[in-house]
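K.L.:
After the structure tokens below, expect a handful of questions from me.
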Amino acid sequence: MPMKEIKHKLNGERMEFECTLLERSDRRAVLLYRIPSDVQVGDLVLPAGTTTYGHYWTDRPFNVYHWIAPDGDTLGYYVNLGDTVVLREDGVEWRDLAIDILRTPDGRTQVLDTDELEDLSPGLRRKIVAIRDQVLAELDEVVREVAAATAGLRREDSAR
């Protein structure tokens, strides 16, 4: 089923991505998106055709993109700090809190976009730093959960 991911950045920019709904409940959704051209994220290159399994929760201050290469290998897990996730009939809408965390299969972790905190209010900066610290403390568990969920969705897809 076609769905949109709608991301609101702190600078007011709105971004939309055409996706496919894979799974949905009252508090969770998983969207599929294929990256059309090569993209660099941190020190990771995502080749054209990379599949993104976007995992969103209404009760967590983050979402996770699980990137799968065209050959089927995991390229990385990209945790977007965010809030105000709304699951709509036609998509998922959320506010991006600037900081992102990239975990690669070899265990490297990069915290990205910290420079974007400089112009924010002290209260919002404290909130984002607290969420970042929470995610880093729980990252291994989050990655295991997302990897298992993605694997289940891929098995379902290949069985069709």
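Laboratory data are not the source of any read-out in this text; all were calculated from the coordinates shown. A quick note: this is a predicted structure, and the numbers were derived from the prediction, not measured. Note: ideal-geometry Cβ built from the backbone for every residue, glycine included; neighbour counts use all protein chains shown.
K.L.:
How big is the dipole moment of region 2-159 about its Cα centre under a simple scheme where the beta carbon of each Lys and Arg is +1, that of each Asp and Glu is -1, and everything else is neutral? Debye, nearest 20, please. Could you put the intermediate results ahead of the total?
P.N.:
Numbers: 20 positive and 30 negative charges, 67 e Å.
For this selection, approximately 320 debye.
K.L.:
Another question, then. Report, to the nearest 10°, how far helix 122-159 tilts away from the longest principal axis of the Cα atoms in the chain, using its own Cα long axis and a range of 0 to 90°.
P.N.:
0
K.L.:
Based on the alpha carbon coordinates of region 2-159, what radius of gyration and maximum Cα-Cα distance (Dmax) apply, in Å?
P.N.:
15.0, 50
K.L.:
Between Asn11, Asn63, Asn80, find the one with the highest GNM mean-square fluctuation for the chain; connect C-alpha pairs within less than 10 Å.
P.N.:
Asn11
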